[in-house]
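Only one structure is covered here, and it is reproduced in the block below.
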Amino acid sequence: MRAPALLPFCEIRAELGPPIEKGGGPGGCWRIIPIIGGTVEGERFSGRILNLGADWQSIYDAGYAELDTRYVIETHDGAMIDIRNFGFRHGPPEVLARLAAGEAVDPALYYMRTNPRFQTGDPRYRWLSHTMFIGTGERMANSVRVSVFEVL
């Protein structure tokens, strides 16, 4: 069998609101980070992120975070596309502390990978609903950048 290949698809820049801390339990804590806007740019897919979504994070004492986002993209040609993006972020404790403090950190110093899943009723983009994607991310103080690749 042929190994999967990756084709650059789009870049997501999601703007974030202040985190809502939910507290914690054995082994970790939980927070919700509102997704309040942003942009999506790619050759076959571009648009804006609506102020309608959030990242429900689970941060574990073992040194990693589960990322679970859901938000809506309005494409340049008027389609509404729902995106769910599940992933992980981890790295050395000192790097994660710098991220948590809102510092600019080289994304090569930590691991942030996601599995975006798109859903829409618009026939022009219906193919997104049955195609695999993978993303690599970067966390900034008030935003996240995710480079999304189509798995061929």
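Since every read-out is calculated from the coordinates, none of them should be taken as a lab result. Every value quoted in this text rests on a predicted model; they were computed, and no experiment measured them. No Cβ is skipped: glycine too gets one built from the backbone with ideal geometry, and neighbour counts run over all protein chains shown.
Within the range 87-99, is even one residue among the aromatic types (Phe, Trp, Tyr), out of contact with any helix residue (DSSP H, G or I) (no Cβ under 6 Å at 6 or more places or on another chain), surrounded by 16 or more Cβ atoms within 10 Å (Cβ to Cβ) and in contact (Cβ under 8 Å) with a residue 24 or more places away in the chain?
For the range 87-99, residues among the aromatic types (Phe, Trp, Tyr), out of contact with any helix residue (DSSP H, G or I) (no Cβ under 6 Å at 6 or more places or on another chain), surrounded by 16 or more Cβ atoms within 10 Å (Cβ to Cβ) and in contact (Cβ under 8 Å) with a residue 24 or more places away in the chain: absent.
Would you be able to say whether some residue in the range 115-128 is in a strand (DSSP E or B) and of a type in the set (Gly, Ala, Ser)?
No, every residue in the range 115-128 fails to be in a strand (DSSP E or B) and of a type in the set (Gly, Ala, Ser).
Quick one: in the range 5-30, which of the residues that are touching a Lys or Arg at 6+ places or on another chain (Cβ under 6 Å) and surrounded by 15 or more Cβ atoms within 10 Å (Cβ to Cβ) is nearest to Arg139 (Cα to Cα)?
Selected residue: Arg13.
Pick from Ile73, Ile59: which is under 18 Å from Gly135 (Cα atoms), in a strand (DSSP E or B) and within 17 Å of the chain's Cα centre (by Cα)?
Going through Ile73, Ile59 in turn, the sole match is Ile73.
Check Phe45 against each of (1) in contact (Cβ under 8 Å) with a residue 40 or more places away in the chain; (2) under 15 Å from the mean Cα position of the chain (by Cα); (3) within 18 Å of Met132 (Cα to Cα); (4) buried (at least 16 other Cβ atoms within 10 Å of the Cβ) and name the one condition it does not meet.
(2)
Against the definition (touching a Cys at 6+ places or on another chain (Cβ under 6 Å) and not basic (Lys, Arg)), how does Val148 come out, yes or no?
So Val148 passes the test.
Is it the case that the range 19-26 has a residue that's part of a strand (DSSP E or B), touching a residue at least 12 places away in the same chain (Cβ under 8 Å), in contact with a Ser or Thr (Cβ under 6 Å, 6 or more places away or on another chain) and more than 17 Å from Thr131 (Cα to Cα)?
Among the residues of the range 19-26, not one is part of a strand (DSSP E or B), touching a residue at least 12 places away in the same chain (Cβ under 8 Å), in contact with a Ser or Thr (Cβ under 6 Å, 6 or more places away or on another chain) and more than 17 Å from Thr131 (Cα to Cα), which makes the answer no.
From Ile83, Ile36, which residue is of a type in the set (A, V, I, L, M) and over 20 Å from Lys22 (Cα atoms)?
Ile83
Quick one: Phe118 ticks every box in (1) free of Cβ contacts under 8 Å to residues at least 24 places away in the same chain; (2) within 25 Å of Pro8 (Cα to Cα) except a single one, so which number is it?
For Phe118, the exception is condition (1).
Scan the range 52-86 for residues that are small (Gly, Ala, Ser) and loosely packed, with under 15 Cβ neighbours inside 10 Å and jot them down.
Ala62, Gly63, Gly78
Mind telling me which of the residues Ile134, Ile33 ends up being in a strand (DSSP E or B) and touching a residue at least 60 places away in the same chain (Cβ under 8 Å)?
Answer to the selection: Ile134.
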